[in-house]
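Report on the following structure.
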Amino acid sequence: MQDVIVIGGSYAGMAAALQLVRARRKVLVIDAGQRRNRFARHSHGFLGQDGIDPARIWAGARQQLLTYPSMRWVEGTASGIAGQRDEFRVILDSGEAFSGRRILLATGVTDQLPDIAGIAGITERWGRTVFHCPYCHGYELDQGRIGVIATGPMSVHQAQLLPEWGEVTFLTNRAVTLDAEQCDDLRKRGVTIEETPVARITGGADVELRDGRVLPFAGLFTATRTEPTSPLAEATGCQLAETPMGRQLMTSDTKETSLPGIFACGDAARAPHSVSLAVGDGAWAGAQLHRSLVWPE
């Protein structure tokens, strides 16, 4: 019997596990090996790790965790959760099963990219020249030309913010209709509005429009819609909420979901998203999980 079974071994899940093993609790991490930022060569904005390959950050953190004797790591995909608080059972695709008193869902999210040819090509533009977070990737564009490809209302916010990092063209791509006030605001910020639909992405980050013009950019941003990577939470009965960025798990201030004894943290349970925010959320979740074990209600 584990004290806590953490489903998802990326930054949030590991941050939570660290708090728990340092409290000498028995922790099992089940990891399917699908970090959200696996496409990016460098991670930025994470204090002490700025510019480091995210795979190195993950590997170093995992190595540190495994030095704790109460820590166990299993590679696999969780397919089911049964039982109740203090008597949970997690089943893997392989058929293997584990018992735990508490569950922490740190399964992350999947980005739903706009349906545009080439946006995830050349292995892979996504995370290399096409991004969603300017705080993570804007500085490296060196104040060059930036394209914002609209996907919905959140894209207007992106286009308003990104002039801090370069010369911006807002490609509405028939995904958003701007009113007069929005147009005036964008133009005051120096944003060029381009209403011709996008045909495809070519080169590093060049946009070919349907009228044949090609607009070169240093980088592209788009507001993706996110969904929990695993269907496990919804299948178990945890409540989800709609946000401007997509669906996420509903949690209390203590990171507990709608089901007693099942907690959630990281991108799947909060917005906005970044490595720093995921680590902080995971650390808080780990402390709250420990408190639930010390003072069970």
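The values are calculated or read from the model by the stated rules, or taken from the named source; none is laboratory data. Only a predicted model underlies this, so the values are computations on that prediction, with no experimental measurement involved. Cβ coordinates were reconstructed from backbone atoms using ideal geometry, including for glycine residues, and neighbour counts include every protein chain displayed.
A few remarks follow.
- Scanning segment 212-267 for residues that are out of contact with any Leu (no Cβ under 8 Å at 6 or more places or on another chain) and either among the aromatic types (F, W, Y) or at positive phi (or both) returns G212, F217, G246, G261, G266.
- Pick from segment 223-276, criterion in a helix (DSSP H, G or I) and either among the hydroxyl-bearing types (S, T, Y) or within 20 Å of H290 (Cα to Cα) (or both), ranking: modelled with the lowest pLDDT: S276
- Selection status of L249, touching an Asp or Glu at 6+ places or on another chain (Cβ under 8 Å) and over 17 Å from Q19 (Cβ atoms): no
Every residue, every condition in (1) more than 26 Å from A283 (Cβ to Cβ); (2) within 17 Å of the chain's Cα centre (by Cα); (3) free of Cβ contacts under 8 Å to residues at least 40 places away in the same chain, yes or no:
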residue: D93; (1), (2), (3): yes, no, yes
residue: G100; (1), (2), (3): no, no, no
residue: I103; (1), (2), (3): no, no, no
residue: T110; (1), (2), (3): no, yes, no
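- Single match in P260, P228, P272 (criterion: under 17 Å from Q112 (Cβ atoms) and surrounded by fewer than 18 Cβ atoms within 10 Å (Cβ to Cβ)): P272
- Conditions (1) under 22 Å from the mean Cα position of the chain (by Cα); (2) part of a helix (DSSP H, G or I): number failed by H290: (1)
- Residue under evaluation A175, criteria (1) in contact with a Ser or Thr (Cβ under 7 Å, 6 or more places away or on another chain); (2) within 13 Å of T222 (Cβ to Cβ); (3) of a type outside the set (F, W, Y); (4) not in a loop (DSSP other than H, G, I, E, B), criterion not met: (4)
- Test: residue in segment 209-218 that is under 29 Å from L171 (Cβ atoms), loosely packed, with under 15 Cβ neighbours inside 10 Å and at pLDDT below 95: no
- Taken as a whole, segment 40-48 holds at least one residue that is in the same structural domain as I7 (by TED's automatic domain parsing), of a type in the set (S, T, Y) and in a strand (DSSP E or B).
- Matching entry among A59, A55 (being assigned by TED's automatic domain parsing to the domain that holds R22, more than 24 Å from A235 (Cβ to Cβ) and surrounded by fewer than 12 Cβ atoms within 10 Å (Cβ to Cβ)): A59
- Residue in segment 120-127 that is modelled with pLDDT under 95 and either in the same structural domain as I7 (by TED's automatic domain parsing) or of a type in the set (V, I, T) (or both) present: yes
- Filter pass, E75 being of a type in the set (D, E), loosely packed, with under 14 Cβ neighbours inside 10 Å and under 17 Å from S292 (Cα atoms): no
Residues are listed down the side, and each one gets a yes or a no for (1) among the basic types (K, R); (2) over 30 Å from G219 (Cα atoms); (3) in contact (Cβ under 8 Å) with a residue 24 or more places away in the chain:
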site	(1), (2), (3)
I5	no, yes, yes
Q34	no, no, yes
A40	no, no, yes
R56	yes, no, no
R72	yes, yes, yes
A82	no, yes, no
D86	no, yes, yes
V90	no, yes, yes
A97	no, yes, no
